[in-house]
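Working notes, beginning with the structure itself.
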Amino acid sequence: MGLNFRECTISDLDTLVNISKSTFVAAFEKDNDPDDFQDYIQKAFSSDRLEKELKNTDSLFYFVFDDKTLAGYFKLNMGSAQTDVHDQDSIELERIYVIQEHQGKKIGAQMLKEILALGKKLSKAYLWLGVWEHNPKAIRFYQRHGFQKFGEHPYYIGKDKQTDWLLRLDL
């Protein structure tokens, strides 16, 4: 397996919308109220919103290819694009998703390795993220890679107020 990472551009918008929706639905639809979930999907992953995020120089989207097949993507935020911490010395991992057919191949761990390298290249002191408190598999993944909980914040799926754990890894 040879993973390739490619930064997304505006010409990738349609593919980004599709992978964003499909991976989020696969991961969380079963655990949420259908109306709240659909409302969230339509807003969070709309073409207009993702186009604005792609154009934001403080956000970086990367596609991950397993050989030549799209296997996942991740999104990083710096500066004012960060959703919570807003520390110039930090970088936020807002999204990291592997397409269901590619799970179980340790792609997530390789993605995280690439993300850490990007954070160091950008001279950031630490990487942080929010993970749903009811996602024990993801929490264990991050803890295995050295992340530690440093707080919590609310995260809304539609009108449903949920809690994300904030995790941090010093670079």
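Hey, in the GNM for the chain with a 10 angstrom Cα cutoff, which one of 151, 79, 130 fluctuates hardest?
Maximum fluctuation in the GNM of the chain, among the listed residues, is at 151.
Share of antiparallel DSSP beta bridges in the range 25-171, in percent to the nearest 5?
Here the antiparallel bridges make up roughly 90 percent for the range 25-171.
Taking Cα pairs under 8 Å and at least six residues apart, what relative contact order does the range 3-125 come out at, in percent?
Contact order relative to length: 24 percent.
Mean separation of Cα pairs under 8 Å and 6+ residues apart, divided by the residue count of the range 98-171: what relative contact order is that in percent?
33 percent
Count the net charge of all other residues whose Cβ sits under 15 Å from the Cβ of residue 61, scoring Lys and Arg as +1 and Asp and Glu as -1.
-2
Any read-out appearing in this document is the output of simple, stated calculations on the displayed coordinates, not a laboratory observation. If you're wondering where the values come from, they're calculated on a predicted model, not measured in any experiment. In this analysis, Cβ positions are derived from the backbone assuming ideal geometry, glycine residues included, and neighbour counts consider all displayed protein chains.
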